[in-house]
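Student: Dumping the structure here so I can ask a few things about it.
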Amino acid sequence: MSSTRTADRVSAGDWPKIVEELDTYGCAPTHRLLTAAQCRSLAAAYDRADRFRATVDMARYRFGSGQYRYFAEPLPDAVRELRAAFYPLLLPIARDWAERLGRPAPWPDTLEEWLARCREAGQATCAQILLRYGPGDWNALHRDVFGEAVFPLQVVVGLDAPGTDYTGGEFLLVEQRPRAQSRGTSTLIPQGHGLVFTTRDRPVASRRGWSAAPVRHGVSTVRTGHRRTLGLVFHDAA
């Protein structure tokens with residue numbers, strides 16, 4: 001997959017609808033980003049320990065049940081190209097949200113510049129992950145915030161087919177709305193498709209203007225089979 005083809009594939013989505021759904025729900029499904037063969041290749045990389053810098057057993061840290069691995073540099077081409085292709089399309093959304101909330105918008109025009117700022121803030125460790133769940137595994141509600149430098153959106157890509165390779169395993173998003181009960185959203189991610197979602201919080205309209213609604217995400221219990229996903233995070237870790 002060349003970087004040009006990847007950028008074209010990512011930009012070919014219905015971005016006005018993605019923006020609309022992010023504003024409505026805090027998450028938005030994308031079109032197909034990877035072929036089935038590309039998904040299988042990325043999923044198979046999980047068993048190559050040399051491609052990763054760390055492995056996390058979720059049960060050990062009470063994060064849920066299952067396992068994920070942080071990629072080592074250099075990233076696989078597909079991961080690097082997808083991340084670079086998404087950044088310029090997500091950037092206007094991030095800036096718009098910051099304006100609504102009256103916050104600074106520290107994100108420069110290019111991903112390379114932003115990652116340089118992450119390094120200046122002491123965040124220089126790759127945060128791209130490959131997650132693997134089996135029967136009975138799940139992911140507790142959480143946020144992927146690793147320091148002061150935070151990009152407000154991220155992307156998860158499904159590498160297995162729901163209903164065929166696994167059952168259960170819905171992506172969960174829970175939003176704490178101002179002066180109201182929390183709202184939950186569940187999404188099944190088709191193989192090769194992505195889901196854009198809120199990293200930490202997002203603007204919601206209130207009587208006093210815009211308020212920041214805290215958001216957490218997780219994964220419901222996988223009932224059968226195996227569910228593997230690619231996580232694209234646009235800030236690095238400390």
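The values are calculated or read from the model by the stated rules, or taken from the named source; none is laboratory data. Source: prediction; values computed, not measured. Note that each Cβ is placed from the backbone with ideal geometry, even for glycine, and that neighbours are counted across all protein chains shown. To get the accessible areas, we keep the full protein, side chains included, count just its heavy atoms, and leave off ligands, DNA and RNA. Shrake-Rupley method; radii C 1.70, N 1.55, O 1.52, S 1.80 Å.
Student: Could you check how many residues of region 101-128 are surrounded by fewer than 19 Cβ atoms within 10 Å (Cβ to Cβ) and part of a loop (DSSP other than H, G, I, E, B)? Working first, answer last.
Tutor: Here is the first cut: in region 101-128, the ones surrounded by fewer than 19 Cβ atoms within 10 Å (Cβ to Cβ) are 101-106, 108-110, 112-113, 116-117, 119-122, 124-125.
Within this subset, residues satisfying the condition of being part of a loop (DSSP other than H, G, I, E, B) are 102-106, 108-110, 121-122, 124.
Residues that pass the stated criteria total 11.
Student: Counting only residues that are touching a residue at least 60 places away in the same chain (Cβ under 8 Å), in contact with a Lys or Arg (Cβ under 8 Å, 6 or more places away or on another chain) and assigned to a loop (DSSP other than H, G, I, E, B), how many does region 138-181 have?
Tutor: 6
Student: Taking Ala98 as the residue in question, decide whether it is touching a residue at least 40 places away in the same chain (Cβ under 8 Å), assigned to a helix (DSSP H, G or I) and open to solvent by 10 Å² or more (accessible area, probe 1.4 Å). Please lay out each step first, then the result.
Tutor: Working: touching a residue at least 40 places away in the same chain (Cβ under 8 Å): yes; assigned to a helix (DSSP H, G or I): yes; open to solvent by 10 Å² or more (accessible area, probe 1.4 Å): no.
So Ala98 does not fit the description; no.
Student: Find the residue count for region 170-190, including only residues that are surrounded by 21 or more Cβ atoms within 10 Å (Cβ to Cβ) and out of contact with any Ser or Thr (no Cβ under 6 Å at 6 or more places or on another chain).
Tutor: The number of residues fulfilling the criteria is 2.
Student: Testing Leu131 on (1) within 30 Å of Ser220 (Cα to Cα); (2) in contact (Cβ under 8 Å) with a residue 60 or more places away in the chain; (3) open to solvent by 20 Å² or more (accessible area, probe 1.4 Å); (4) touching a Ser or Thr at 6+ places or on another chain (Cβ under 9 Å), one condition comes back false. Which one is that?
Tutor: Condition (3) is where Leu131 drops out.
Student: Look through region 48-83, keep the residues that are among the aromatic types (Phe, Trp, Tyr) and open to solvent by 60 Å² or more (accessible area, probe 1.4 Å), and return whichever of them is nearest to His193 (Cα to Cα).
Tutor: For region 48-83, the residue satisfying everything is Phe63.
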